[in-house]
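The values are calculated or read from the model by the stated rules, or taken from the named source; none is laboratory data. Fair warning: this is a prediction, and the values are worked out from it, not measured in the lab. For neighbour counting, all protein chains shown are included, and Cβ atoms are generated from backbone atoms with ideal geometry for every residue, glycine included. Remember, those area values only see protein heavy atoms, side chains included, never the ligands or the DNA or RNA. Shrake-Rupley method; radii C 1.70, N 1.55, O 1.52, S 1.80 Å.
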Amino acid sequence: MNIILLGLPGAGKGTQAKVIIENQRIPHISTGDLFRKAVKDKTELGLLANEYMSKGELVPDEVTIGIALQRLNNVDCLEGFLLDGFPRNIVQAQALEKHLASEAKKIDLAIYVEVDENILLGRATGRRICSGCGQTFHLTSKPPKVIDRCDSCNEILIQREDDREETVRER
Ligand code: AMP
């Protein structure tokens with residue numbers, strides 16, 4: 001099954017994605033995660049993507065489309081995929097549709113995760129990510145046992161640059 005998850009940043013697409021794919025043999029593909037890994041690894045793509053991500057802007061379509069479609073060619077996508085954060089605009093949607101059509105495939109399901117904007121702002125600005133293992137916490141709804149430290153690996157918790165209030169509003 002080929003699924004796309006849509007929704008504003010912080011709507012919980014990542015959380016829902018884990019539940020949706022639980023009993024399915026399809027990968028969860030988040031373009032945001034792909035970019036964050038590239039930033040962490042300091043690759044050329046990461047350096048470029050970070051220029052946009054840190055300001056809450058979209059990474060240019062030609063770069064994003066290239067990354068997403070390349071990922072879809074991976075063998076683990078043969079039985080389907082769950083796309084999270086892609087497509088984000090019409091150009092990307094058309095590129096995806098064209099790519100799938102060339103392989104006689106299509107999107108089977110599109111899920112829109114709808115959440116009020118004020119709730120989203122609180123969620124994003126309170127979110128903290130472990131700099132070691134990537135686990136997610138929230139200052140009020142899921143605080144770590146020790147302040148600013150990950151419950152699992154004890155690494156320091158950080159706020160994603162694009163989770164700051166101004167950036168969230170822009171996103
Ligand atoms: P996300 O984790 O989905 O909120 O994505 C984090 C950041 O990665 C976004 O704010 C964008 O800068 C970039 N990004 C992720 N997906 C896309 C996309 N489909 N198009 C352009 N930029 C993207």
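Where the accessible area of segment 62-171 is counted over protein heavy atoms with a 1.4 Å probe, how much of it, in %, is carbon and sulfur?
Result for segment 62-171: 51 percent of the exposed heavy-atom area is carbon or sulfur.
Highest first, please rank the peptides 48-57, 142-151 by the mean number of other Cβ atoms sitting within 10 Å of their residues.
Highest-to-lowest ranking by the protection proxy: 48-57, 142-151.
Can you give me the distance in nm between label points at Y112 and E57, each placed 7 Å from the Cα along the Cα-to-Cβ direction?
Calculated label separation equals 2.8 nm.
Which residues' amide hydrogens lie under 5 Å from the amide hydrogen of N2, considering only partners 5 or more residues apart or on another chain, with H built in the peptide plane?
Close amide H contacts, sequence-distant or interchain: F81, D108, L109.
Give the residue from A101, N73, F137 lying farthest towards the positive end of the charge dipole for segment 1-141; charges sit on Cβ (+1 for Lys and Arg, -1 for Asp and Glu) and the dipole is referred to the Cα centre.
F137
Work out the FRET efficiency for Q70 and S131 from their Cβ-Cβ distance, taking R0 = 41 Å, and round it to the nearest 0.05.
0.95
What does the accessible area of T136 come to, in Å² to the nearest 10, when a probe of 1.4 Å is used?
About 60 Å², ignoring ligands and nucleic acids.
Ranked from the most accessible area to the least, with a 1.4 Å probe and all protein chains present, what is the order of L8, L139?
Descending order: L139, L8.
Just the Cα atoms of the chain: what Rg and Dmax do they give in Å?
16.4, 51
Return one whole number: the accessible area per residue of segment 1-130 in Å², for a 1.4 Å probe.
57 Å²
Is the C-alpha gyration tensor of segment 115-171 telling us rounded, prolate or oblate? Criteria: a/c under 1.5 is rounded; beyond that, a/b larger than b/c is prolate, otherwise oblate.
Since a/c reaches 1.5 and a/b is larger than b/c, the shape of segment 115-171 is classed as prolate.
If you count, for each residue, the other Cβ atoms within 10 Å and average over each peptide, how do 69-76, 99-106 line up from highest to lowest?
My ranking of the peptides, most packed first, is 69-76, 99-106.
How many lysine pairs are close in segment 1-141, with Cα atoms under 22 Å apart and the two 8 or more places apart or on different chains?
10
Going by average Cβ neighbours within 10 Å, how do the peptides 13-19, 77-83 rank, with the highest at the top?
So the peptides 13-19, 77-83, ranked by packing, come out 77-83, 13-19.
If DNA, RNA and ligands are ignored and the probe is 1.4 Å, what is the ranking of R88, R169, R36 by accessible area, most exposed first?
R169, R88, R36
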